[in-house]
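S.K.: For reference, the structure I am asking about is given below.
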Amino acid sequence: MNIHEYQGKELLKRYGVTVLEGHVAWTPDEAEAAAAKLPGPVYVVKSQIHAGGRGAGRFADDPNGKGGVRLARSPAEVKAAAEAMIGHTLITKQTGEHGRPVRRVYVEAGCDIARELYVSLLVDRIGGRVTIVASTEGGMEIEEVAANHPEKILRASVDPASGISSFHGRKLASGLGLTGKQASSFGKFIAGMYAAYVALDCAIVEINPLVVTGAGDVVALDAKVSFDDNALFRHPELEKLRDEAEEDPKELEAAKFELNYVALDGNIGCMVNGAGLAMATMDIIKLYGMSPANFLDVGGSATKERVTAAFKIILSDPNVEGILVNIFGGIMRCDIIAEGVVSAAREVQLSVPLVVRLAGTNVDLGKEILAKSGLPIVAADNLADAAEKIVKAVKEAA
């Protein structure tokens with residue numbers, strides 16, 4: 001689960017992470033009032049959406065204007081900047097051309113920036129430890145830095161048994177060229193980040209840029225905080241921070257039925273049981289010349305109702321031109337899948353090609369249910385056959 005920048009900063013501040021003073025505003029008047037509470041004379045107005053690259057972004061109705069992060073030198077300028085953002089659609093590299101509507105802004109105090117750095121915490125899946133990633137290239141996309149300048153990426157893993165220590169801060173500070181007060185501030189900053197990461201069951205905490213001020217302080221100029229959904233039951237207070245307006249409606253609907261669904265930008269809808277099989281299904285669709293419209297794992301114990309819901313969610317995507325159902329029935333019975341597919345296809349009046357590949361428990365019964373349905377369902381013998389048939393059917397229907 002993702003949250004907004006201002007929410008992330010509020011949480012991190014509780015654990016000793018240094019942030020600038022700021023206030024969230026839902027209207028231009030609130031933004032002006034927020035600026036009046038700050039010392040000035042420089043203010044920063046930031047669009048609050050769940051996407052990066054806001055400063056380099058553009059607004060759909062003002063493609064040649066300024067981006068989603070703007071400097072202001074008076075409360076009146078803050079109000080004008082908020083008016084240009086709130087209610088308008090911001091397009092960044094991460095949003096795609098459809099963009100995201102800006103519903104609120106964050107008005108923050110200006111900062112005397114001497115250097116910009118990068119730091120983040122995430123779980124290293126290979127080592128099984130929380131790892132601190134840092135770089136001197138603050139403000140840049142870390143993927144670009146890793147690809148073009150891997151020597152500028154610093155890493156430090158934290159042993160879960162002993163936790164973080166001053167050694168981690170000193171090691172990274174040295175690599176970043178921080179000394180004296182700067183190194184001391186950085187060590188405290190990293191310790192606070194780690195404490196928040198562990199206590200809140202985060203998936204990632206990213207500060208980009210992390211700035212060193214002229215006075216030698218280390219401050220979070222931005223904050224991206226994401227939580228492990230599987231641990232949210234331990235943190236009901238974090239659930240209250242969810243902004244459903246920033247999430248895909250299809251993904252929200254899928255969550256109600258405990259379906260693992262992620263919307264993508266392709267044209268072939270996928271319904272699969274098992275994450276590994278779902279990934280293989282998406283790969284083979286690409287191999288045969290088209291792109292998946294979603295990742296959807298119905299799980300190993302789906303009911304007819306959940307399968308029907310999954311089918312409806314796939315079809316609610318206007319980009320879907322065909323559907324591939326790929327089921328290997330172990331715990332999940334093929335007849336349950338077949339009943340759900342038939343039920344949903346009838347209810348929504350199926351209008352796109354549908355290819356179904358079934359294998360495993362009750363496979364013959366499942367195939368019989370599909371064959372007797374009277375629906376134009378194409379059966380496939382294996383995964384390659386299924387991918388070839390759905391791609392061919394979509395091309396013929398175009």
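The values are calculated or read from the model by the stated rules, or taken from the named source; none is laboratory data. Keep in mind it's a predicted model, so treat the numbers as computed, not measured. Backbone-built Cβ (ideal geometry, glycine too); neighbour counts: all protein chains shown. The area values use the complete protein model at the heavy-atom level, side chains included, leaving out ligands, DNA and RNA. Shrake-Rupley method; radii C 1.70, N 1.55, O 1.52, S 1.80 Å.
S.K.: If I filter region 367-398 down to residues being touching a helix residue (DSSP H, G or I) at 6+ places or on another chain (Cβ under 7 Å) and closer than 11 Å to residue 342 by Cα, which single residue comes out as surrounded by the most Cβ atoms within 10 Å (Cβ to Cβ)?
M.R.: 370
S.K.: From 76, 35, 80, grab the single residue that is open to solvent by less than 30 Å² (accessible area, probe 1.4 Å), over 30 Å from residue 264 (Cα atoms), out of contact with any Gly (no Cβ under 8 Å at 6 or more places or on another chain) and assigned to a helix (DSSP H, G or I).
M.R.: Numbers: 76 fails: open to solvent by less than 30 Å² (accessible area, probe 1.4 Å); 80 fails: open to solvent by less than 30 Å² (accessible area, probe 1.4 Å).
Exactly one of 76, 35, 80 is open to solvent by less than 30 Å² (accessible area, probe 1.4 Å), over 30 Å from residue 264 (Cα atoms), out of contact with any Gly (no Cβ under 8 Å at 6 or more places or on another chain) and assigned to a helix (DSSP H, G or I), namely 35.
S.K.: Moving to a separate point now. If only one of 69, 105 is over 30 Å from residue 154 (Cβ atoms), in contact with a strand residue (DSSP E or B) (Cβ under 6 Å, 6 or more places away or on another chain) and among the hydrophobic types (A, V, I, L, M, F, W, C), which one is it?
M.R.: Numbers: 69 fails: over 30 Å from residue 154 (Cβ atoms).
Just a single option satisfies the conditions, and that option is 105.
S.K.: If you don't mind, another one. Given the structure, is residue 359 assigned to a helix (DSSP H, G or I), open to solvent by less than 40 Å² (accessible area, probe 1.4 Å) and not charged (D, E, K, R)?
M.R.: Numbers: assigned to a helix (DSSP H, G or I): no; open to solvent by less than 40 Å² (accessible area, probe 1.4 Å): yes; not charged (D, E, K, R): yes.
For residue 359, the condition - assigned to a helix (DSSP H, G or I), open to solvent by less than 40 Å² (accessible area, probe 1.4 Å) and not charged (D, E, K, R) - is not met.
S.K.: Moving to a separate point now. All but one of (1) closer than 20 Å to residue 103 by Cβ; (2) in contact with a Ser or Thr (Cβ under 8 Å, 6 or more places away or on another chain); (3) open to solvent by 60 Å² or more (accessible area, probe 1.4 Å) hold for residue 56; which doesn't?
M.R.: (1)
S.K.: State whether one or more residues within region 8-20 are without any contact (Cβ under 8 Å) to a residue 40 or more places away in the chain and either among the aromatic types (Phe, Trp, Tyr) or closer than 21 Å to residue 245 by Cβ (or both).
M.R.: Within region 8-20, the first condition is being without any contact (Cβ under 8 Å) to a residue 40 or more places away in the chain, and the residues that meet it are 10, 13.
If we keep only those that are either among the aromatic types (Phe, Trp, Tyr) or closer than 21 Å to residue 245 by Cβ (or both) too, we end up with 10.
Yes, region 8-20 contains at least one residue that is without any contact (Cβ under 8 Å) to a residue 40 or more places away in the chain and either among the aromatic types (Phe, Trp, Tyr) or closer than 21 Å to residue 245 by Cβ (or both).
S.K.: Would you be able to tell me the number of residues in region 19-32 that are part of a strand (DSSP E or B), closer than 20 Å to residue 209 by Cβ and open to solvent by 40 Å² or more (accessible area, probe 1.4 Å)? Steps first, please.
M.R.: Going through region 19-32, the residues part of a strand (DSSP E or B) turn out to be 19, 22-25.
Within this subset, residues satisfying the condition of being closer than 20 Å to residue 209 by Cβ are 19, 22.
Narrowing further to those that are open to solvent by 40 Å² or more (accessible area, probe 1.4 Å): none.
Of the residues in region 19-32, 0 are part of a strand (DSSP E or B), closer than 20 Å to residue 209 by Cβ and open to solvent by 40 Å² or more (accessible area, probe 1.4 Å).
S.K.: Does residue 115 satisfy the criteria of being over 22 Å from residue 4 (Cα atoms) and assigned to a strand (DSSP E or B)? Explain how you work it out, then say what you get.
M.R.: On the way: over 22 Å from residue 4 (Cα atoms): yes; assigned to a strand (DSSP E or B): yes.
So residue 115 passes the test.
S.K.: Sticking with this one: Which residue, of 395, 389, is under 12 Å from residue 324 (Cβ atoms), at pLDDT 90 or above and of a type in the set (Lys, Arg)? Write out each step before concluding.
M.R.: Numbers: 395 fails: under 12 Å from residue 324 (Cβ atoms).
389 is the lone residue from the list that is under 12 Å from residue 324 (Cβ atoms), at pLDDT 90 or above and of a type in the set (Lys, Arg).
S.K.: Which ones in region 322-332 are crowded, with 20+ Cβ neighbours inside 10 Å and either of a type in the set (D, E, K, R) or not in a strand (DSSP E or B) (or both)?
M.R.: Correct list: 332 only.
S.K.: Would you check which residues across region 268-300 are in contact with a helix residue (DSSP H, G or I) (Cβ under 7 Å, 6 or more places away or on another chain), open to solvent by 30 Å² or more (accessible area, probe 1.4 Å) and part of a loop (DSSP other than H, G, I, E, B) and list them?
M.R.: Correct list: 288, 289, 291.
This table checks each residue for (1) within 20 Å of residue 306 (Cβ to Cβ); (2) in contact with a Leu (Cβ under 7 Å, 6 or more places away or on another chain); (3) free of Cβ contacts under 8 Å to residues at least 12 places away in the same chain; (4) in a helix (DSSP H, G or I).
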site: 342; (1), (2), (3), (4): yes, yes, no, yes
site: 347; (1), (2), (3), (4): yes, no, no, yes
site: 351; (1), (2), (3), (4): no, no, yes, no
site: 365; (1), (2), (3), (4): yes, no, no, yes
site: 369; (1), (2), (3), (4): yes, no, no, yes
site: 386; (1), (2), (3), (4): no, yes, no, yes
site: 391; (1), (2), (3), (4): no, no, no, yes
site: 395; (1), (2), (3), (4): no, no, yes, yes
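S.K.: Let me ask something else. Kindly check whether there is at least one residue in region 64-72 that is of a type outside the set (Gly, Ala, Ser) and surrounded by fewer than 13 Cβ atoms within 10 Å (Cβ to Cβ). Outline the logic, then answer.
M.R.: Of all residues in region 64-72, those of a type outside the set (Gly, Ala, Ser) come to 64, 66, 69-71.
Right, trim to surrounded by fewer than 13 Cβ atoms within 10 Å (Cβ to Cβ) and you get 64.
There is at least one residue in region 64-72 that is of a type outside the set (Gly, Ala, Ser) and surrounded by fewer than 13 Cβ atoms within 10 Å (Cβ to Cβ).
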